[in-house]
Amino acid sequence: SRDRLSPAAPEARLSANLQALLSKLQGSILAQRRTAVDDAAGLSPEAYTPLYEALLDRASRRPESTAMSSALELTEKVPTSWPTLGAALGKIPPKDVPIALPPRLAVLGKGRAEVRTLFDQWDSQGTANLKKAIAEARKGLG
């Protein structure tokens, strides 16, 4: 089901064009999502920031979603987004972190302090499966 927009939701502050782009970033068709990621990466900072925050809001609420995949891909294209991504991911309860997320973060954020901080946080509070995924992902960090 679709998330409802409340006046306080980051999506509510987006223009119609940015809302359409946000929708594409969460779509089920990979090619359209990738095109939307490229489009979002090319936005001005004034347009990019609220769009990225709205995407992270969705991704944080559903970490296994396509919104998370798009957020990671967008962060790879716009590296200045890493601190914002790290802060958003740090708010996800470790029990809700998909075990596929640590390996992706290790690959995308190789050497990033944000990734190490997240791994430390999740490792201290996470499930046994998450801790195992983090241990494997740490091997890729070097």
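The helices (runs of 4 or more DSSP H) found entirely in region 32-142 that carry 1 or more residues being open to solvent by 40 Å² or more (accessible area, probe 1.4 Å) and basic (Lys, Arg) are 45-61, 66-77, 101-108, 113-125, 128-141. For region 96-142, give me the residue count where each residue is among the small types (Gly, Ala, Ser), within 18 Å of residue 73 (Cα to Cα) and out of contact with any Phe, Trp or Tyr (no Cβ under 9 Å at 6 or more places or on another chain). Of the residues in that region, 2 qualify.
Exactly one residue among 81, 124 is polar (S, T, N, Q) and within 23 Å of residue 48 (Cα to Cα), and that residue is 81.
Going by the structure shown, is residue 16 at pLDDT below 95 and open to solvent by 60 Å² or more (accessible area, probe 1.4 Å)?
On the way: at pLDDT below 95: yes; open to solvent by 60 Å² or more (accessible area, probe 1.4 Å): yes.
Yes.
Which pairs have Cβ atoms under 8 Å, sit 6 or more apart or on different chains, and link a residue in region 12-31 that is in contact (Cβ under 8 Å) with a residue 60 or more places away in the chain to one that is of a type in the set (D, E, K, R)? Every condition considered, no pair remains.
The values are calculated or read from the model by the stated rules, or taken from the named source; none is laboratory data. What you see is a predicted model, and the numbers here were worked out from it, not measured in a lab. Every residue, glycine among them, receives a Cβ derived from its backbone with ideal geometry; neighbour counts consider all protein chains shown. Please note that ligands, DNA and RNA were not included when accessible areas were found on the heavy atoms of the full protein model with its side chains. Shrake-Rupley method; radii C 1.70, N 1.55, O 1.52, S 1.80 Å.
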